[in-house]
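Okay, so here's the structure we're looking at.
The values are calculated or read from the model by the stated rules, or taken from the named source; none is laboratory data. Just so you know, these numbers come straight off a predicted model, no measurement behind them. When we count neighbours, we look across all protein chains shown, and the Cβ atoms used for this are built from the backbone with ideal geometry, even at glycine.
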Amino acid sequence: MSIILGLLTLVLLFIVILQISKASDLIKTLRFGDRQEESFGNNAIFLSVIGFGILIFSIVTCFTYADTLLPRSASEQGEWIQWLIDITLVLTAIVFVVTQALLFWFVYKYHYRKGRKAYFFADNNKLEVAWTVVPAIVLTFLIGFGLQKWFKIFSPTPKDAIVIEVIGKQFAWTIRYTGQDKKLGSRDFTLVNGDNELGINWKDTTSHDDFFADEIVLPVNTPISVNIGALDVIHDFYLPHFRLMMDAVPGIPTHLWFRPIVTTEEMRKIVKDPKFDYVLACNKLCGSGHYNMQKKVRVVSMAEYKKWEREQKSYYSTVVQTAVSDSSAKKSDVAPLASSTVAEMNK
Amino acid sequence: MQTTTVTEPHVKEHSQAAHADAHHHTETFISKYIFSLDHKTIGKQFLFLGMAWAVIGGLMSVVFRIQLGWPDETFPWLEKIFAAWFTDGKLNPEAYYSLVTMHGTIMVFFVLTASLSGTFANILIPLQIGARDMASPLMNAISFWLFFLASVVMFSSIFLPTGAASAGWTIYPPLSALPQASPGSGMGMTMWLIAMVIFIGSTLVGGLNYVSTVLNLRTRGMSMFRMPLTVWALFFTAIIGILSFPVLVSCCVLLIFDRGLGTSFYLSNIVIGGKALPFAGGSPILFQHLFWFLGHPEVYIVILPAMGMVSEILAVHSRKPIFGYKAMIFSILGITVLGFIVWAHHMYVTGMNPFIGSIFVLFTLLIAIPSAVKVFNWLTTLWRGNIRVNPPSMFAVGFVSMFISGGLTGIWLGNATIDIQLHDTYFVVAHFHIVMGIAAFFGMFAGIYHWFPRMFGRMMNDTMAYIHFAITFIGAYLIFWPMHFLGLAGVPRRYYTFNEFAAFSQYATLNKVITIAAIVVFLGQLIFVVNFIYSIFKGRKSVQNPWEANTLEWTSPIEGVHGNWNGDLPEVHRWPYDYSRNPNSDVDFIPQNVPLTEEEKKDYVHH
């Protein structure tokens with residue numbers, strides 16, 4: 001019932017607008033004739049006022065919302081990006097204000113007046129060369145600065161980097177650390193089963209000290225090398241406060257390295273929020289749970305990181321070994337586990 | 001096309017016209033208004049169907065904006081209307097993603113590609129170049145009816161029990177390939193793909209027709225460099241479509257194979273629900289390359305017709321020639337060529353080789369040059385003009401404003417380094433909605449207000465047009481300008497709610513404001529629809545040349561005759577922008593079919 005009433009109100013509103021508009025046009029036609037020349041001046045004021053109003057709105061909101069944007073970058077790479085954004089912002093803001101102001105100023109200044117003649121101005125090579133060359137020069141600088149930072153961000157990973165693996169699936173992230181050997185064990189998707197969600201190859205002994213973590217813990221000022229992957233659909237490894245992202249693609253490993261420079265504790269002081277935490281989010285539509293695929297990220301001092309790392313238990317030692325010794329006490333390797341998965345797959 | 005073998009096209013056209021006249025009175029309602037071969041009727045059909053789609057697509061955005069504005073509230077009254085999408089008064093996430101996907105598909109393809117090009121290429125190309133009809137009227141009709149068929153399939157998919165496609169309008173596999181991954185990737189995705197393949201057929205048939213018409217059927221004296229910029233823009237748009245849409249067909253067909261035949265073009269090493277699937281060796285990134293090889297030129301397919309119409313409309317209403325006519329043509333050419341080699345800027349964070357990425361940065365930022373040239377030329381066209389500020393010119397000015405605002409943020413996102421931070425955030429949503437969504441709609445509105453008298457012989461109501469303009473222009477900035485801030489704060493797009501993340505939930509109030517603005521803007525478009533329908537039947541009768549424009553369409557009888565001109569086709573003697581050419585004359589325009597005076601012959605230069 002209320003829906004019908006609402007619709008009726010809307011219809012009535014449109015009828016009122018239609019009737020007023022009919023009358024208004026009729027009056028104008030009676031006063032000014034078909035060409036309605038006299039109303040062009042009012043229309044010009046109408047359009048320019050809206051235009052300048054929007055220009056002021058867009059400038060003012062930039063200042064009022066400046067404080068709500070991301071705090072200082074938590075990674076060194078993000079600071080390079082911020083530098084490029086700052087330069088681009090200044091340049092584009094100048095062009096934005098000048099061109100929008102000219103546009104709406106011309107509309108007012110040169111609106112139709114009876115008896116005035118427009119200036120026949122069809123082309124001018126000097127002007128056209130000028131506004132081809134000047135943008136070209138400015139853009140050359142932006143391209144140059146941009147590519148310099150781009151290649152810096154994708155420079156070879158430092159040797160001392162801490163390696164982690166982040167694997168996305170609907171709708172959660174799995175985080176794997178290397179353990180003491182600084183190497184991640186290899187994976188094979190055909191080995192996936194209930195006990196081995198990522199399909200880690202336990203025959204590869206480098207996997208034996210790998211451990212899973214339920215949050216990403218990173219030491220500050222240390223390069224972090226992230227191996228990114230996905231099991232089912234494309235996800236995206238997105239660290240908003242670090243200003244970084246990289247797609248997680250099934251079948252195609254991707255990689256990113258970065259250097260965190262602000263610990264969680266320091267950032268809590270900067271944003272004046274004692275509960276603040278860095279977060280990992282998914283930024284590629286991956287299904288109905290896409291909007292809630294998160295993992296806490298904690299940046300700590302190296303000492304804290306070492307302490308935390310020592311406390312972690314390898315998955316192989318806690319789960320796989322136990323499972324294997326339970327099911328077949330005689331065999332020490334894990335081949336049956338793998339072959340049963342393959343058999344299951346072939347069904 | 002049929003005239004390519006005729007050495008003297010005019011002779012044949014005369015006989016055609018006579019032939020058409022002889023049969024004029026035997027036309028039935030069906031042959032005249034439904035299965036018509038007349039380009040003017042087909043153009044209107046594209047417009048009507050496009051408007052219906054725009055209302056549907058707009059309404060969808062209102063529904064999902066309500067979810068984003070009030071994520072914690074329930075809406076039992078909405079559930080009564082859209083029962084299948086709601087549970088306990090709340091929009092389901094699956095339905096949310098279907099709505100987002102369909103909104104994008106409908107707006108990009110069905111409204112701003114098919115309807116924008118279809119309407120104005122059909123109505124303007126023959127009328128502005130002085131042709132009796134399209135090169136192949138039958139192919140032209142087939143183009144519309146394929147679009148209609150694609151529309152039926154796409155519309156039906158909304159009512160499937162498993163929901164419409166929900167993988168985003170870019171339908172990236174594996175999400176779109178695996179029904180296990182998302183309910184919308186079942187039958188909904190199948191119907192999406194079928195609809196799109198039919199749709200591409202429509203675009204190709206139409207595009208080939210537009211190109212051959214422009215190349216072959218120009219009237220005597222209408223050299224290429226005397227064509228109005230609308231025709232140039234529609235011509236290049238059709239060429240882009242012909243070259244890029246077939247790639248989308250192959251892209252879709254391979255996806256159909258992966259979905260139905262068990263091939264692995266896009267799929268590899270997939271584990272879903274704890275089970276490994278037997279796909280190996282494919283690449284999801286290959287899909288993105290194929291998709292964006294169309295997808296990026298697609299945005300120029302959307303924006304070029306609007307640019308062409310705005311160039312024409314600004315010249316007519318400021319009573320000045322368009323500034324830099326040739327520069328405008330070459331900038332369209334530049335955009336067309338560069339538009340084909342920038343597609344991977346949508347893929348900077350897919351893990352692509354950084355060197356390949358750098359090449360795409362270079363070409364992408366280069367596109368800013370022809371775009372800047374166009375903006376400066378529009379501004380110079382207004383400078384020292386005698387601007388008649390009426391609905392068409394208002395929307396044209398609105399287009400320029402939107403194109404500047406959205407174009408400048410393209411310089412941000414095109415630079416791969418910045419894209420690492422802003423990719424797929426609300427900054428991108430703001431950018432592309434302003435530069436190709438709203439701007440293209442403004443171009444379309446300007447075109448409709450300008451050529452309405454040519455289409456229906458009546459004028460639209462000005463007062464409603466001004467209300468429509470104010471609501472749309474202010475509302476569009478209210479909706480999309482703040483989204484830049486959301487993006488710079490890191491808020492990702494395609495989130496059903498932001499409340500799950502402390503980092504993204506700070507803009508609750510702003511999201512409500514955006515939703516309210518979106519609802520008001522949607523209602524504002526209904527004012528336009530009311531005005532449009534009302535004016536078709538009751539609008540003020542138009543005079544032959546209401547805007548005092550130079551182009552040929554205003555010399556064709558206003559009531560619209562089969563074959564466009566009674567008797568001979570008009571002959572063209574000058575370029576289309578002789579506005580205020582003679583400062584001593586009382587009349588500030590000289591139509592293209594007016595012969596040069598003896599005095600003019602001495603020093604007439606084509607610009």
Failed item, numbered, when B:Thr417 is tested on (1) more than 7 Å from chain A (Cβ to nearest Cβ); (2) within 30 Å of A:Ser73 (Cβ to Cβ) = (1)
query = Can you name the residue in region A:174-206 that is part of a loop (DSSP other than H, G, I, E, B) and more than 32 Å from the chain's Cα centre (by Cα) and, of all such residues, is surrounded by the most Cβ atoms within 10 Å (Cβ to Cβ)?
reply = A:Trp202
query = In region B:556-605, which residues are among the hydroxyl-bearing types (Ser, Thr, Tyr) and surrounded by fewer than 19 Cβ atoms within 10 Å (Cβ to Cβ)?
reply = B:Ser585, B:Thr597, B:Tyr604
Among (1) modelled with pLDDT under 90; (2) surrounded by 15 or more Cβ atoms within 10 Å (Cβ to Cβ) - the single one A:Val300 does not satisfy = (1)
note = Over region B:378-399, the set of residues crowded, with 23+ Cβ neighbours inside 10 Å, of a type in the set (A, V, I, L, M, F, W, C) and more than 18 Å from the chain's Cα centre (by Cα) is B:Trp378, B:Leu382, B:Ile387, B:Val389, B:Met394
remark   = Picked from region B:212-225 (must be part of a helix (DSSP H, G or I) and surrounded by 20 or more Cβ atoms within 10 Å (Cβ to Cβ)), the residue farthest from the other protein chains (Cβ to nearest Cβ) is B:Thr213
task = Select, from B:Trp565, B:Trp554, the only residue that is aromatic (Phe, Trp, Tyr), touching a residue at least 40 places away in the same chain (Cβ under 8 Å), closer than 21 Å to B:His39 by Cα and not in a loop (DSSP other than H, G, I, E, B).
result = B:Trp554
request  = Scan region B:527-545 for residues that are surrounded by fewer than 17 Cβ atoms within 10 Å (Cβ to Cβ) and either in a helix (DSSP H, G or I) or within 11 Å of chain A (Cβ to nearest Cβ) (or both) and jot them down.
outcome  = B:Val529, B:Ile533, B:Ile536, B:Phe537, B:Lys538, B:Lys541, B:Val543
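May I ask you to say which residue of A:Phe171, A:Phe145, A:Phe141 is surrounded by fewer than 18 Cβ atoms within 10 Å (Cβ to Cβ) and under 20 Å from the mean Cα position of the chain (by Cα)? Don't jump to the end; show me each part of the working.
Working: A:Phe145 fails: under 20 Å from the mean Cα position of the chain (by Cα); A:Phe141 fails: under 20 Å from the mean Cα position of the chain (by Cα).
After ruling out the rest, the residue left standing is A:Phe171.
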query = Consider A:Glu215 against the criteria (1) more than 14 Å from chain B (Cβ to nearest Cβ); (2) within 30 Å of B:Gly281 (Cβ to Cβ): it satisfies all of them except one. Which criterion is unmet?
reply = (2)
note = If we ask which residues in region B:375-414 are hydrophobic (A, V, I, L, M, F, W, C) and at the interface with chain A (Cβ under 7 Å from one of its Cβ atoms), their number turns out to be 14
task = Identify the residue in region B:453-473 that is crowded, with 24+ Cβ neighbours inside 10 Å and of a type in the set (Phe, Trp, Tyr) and, among all such residues, is nearest to the other protein chains (Cβ to nearest Cβ).
result = B:Phe473
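Could you run through region B:51-83 and say how many residues are without any contact (Cβ under 8 Å) to a residue 40 or more places away in the chain and either part of a helix (DSSP H, G or I) or of a type outside the set (S, T, N, Q) (or both)?
13
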message = Any residue at all in region B:310-330 that's within 9 Å of chain A (Cβ to nearest Cβ), polar (S, T, N, Q) and outside any strand (DSSP E or B)?
response = yes
ask   = Take the residues of region B:140-184 that are hydroxyl-bearing (Ser, Thr, Tyr) and outside any loop (DSSP other than H, G, I, E, B): which is surrounded by the fewest Cβ atoms within 10 Å (Cβ to Cβ)?
value = B:Ser156
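State whether one or more residues within region A:231-240 are touching a Ser or Thr at 6+ places or on another chain (Cβ under 6 Å), more than 20 Å from A:Ala161 (Cα to Cα), crowded, with 19+ Cβ neighbours inside 10 Å and modelled with pLDDT of 95 or more. Please lay out each step first, then the result.
Step one: filter region A:231-240 for residues touching a Ser or Thr at 6+ places or on another chain (Cβ under 6 Å), giving none.
Looking for residues that are touching a Ser or Thr at 6+ places or on another chain (Cβ under 6 Å), more than 20 Å from A:Ala161 (Cα to Cα), crowded, with 19+ Cβ neighbours inside 10 Å and modelled with pLDDT of 95 or more, one finds none in region A:231-240, hence no.
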ask   = Can you name the residue in region B:568-607 that is in contact (Cβ under 8 Å) with a residue 60 or more places away in the chain and among the hydroxyl-bearing types (Ser, Thr, Tyr) and is also nearest to the other protein chains (Cβ to nearest Cβ) among such residues?
value = B:Ser580
request  = Determine whether A:Leu70 is facing chain B (nearest Cβ under 8 Å) and either among the acidic types (Asp, Glu) or assigned to a loop (DSSP other than H, G, I, E, B) (or both).
outcome  = yes
key: Odd one out for B:Gly262, checked against (1) surrounded by fewer than 19 Cβ atoms within 10 Å (Cβ to Cβ); (2) touching a residue at least 24 places away in the same chain (Cβ under 8 Å)   = (2)
remark   = Taking region A:1-48 and the residues there that are within 41 Å of the chain's Cα centre (by Cα) and farther than 25 Å from B:Leu526 by Cβ, the one that is nearest to the other protein chains (Cβ to nearest Cβ) would be A:Ala44
key: Conditions (1) touching a strand residue (DSSP E or B) at 6+ places or on another chain (Cβ under 8 Å); (2) surrounded by fewer than 16 Cβ atoms within 10 Å (Cβ to Cβ); number of the one not met by A:Asn43   = (2)
remark   = Of the residues in region B:17-46 that are surrounded by 10 or more Cβ atoms within 10 Å (Cβ to Cβ) and over 33 Å from the mean Cα position of the chain (by Cα), the one that is modelled with the highest pLDDT is B:His24
remark   = B:Asn499 fails exactly one of (1) buried (at least 19 other Cβ atoms within 10 Å of the Cβ); (2) outside any helix (DSSP H, G or I), namely (1)
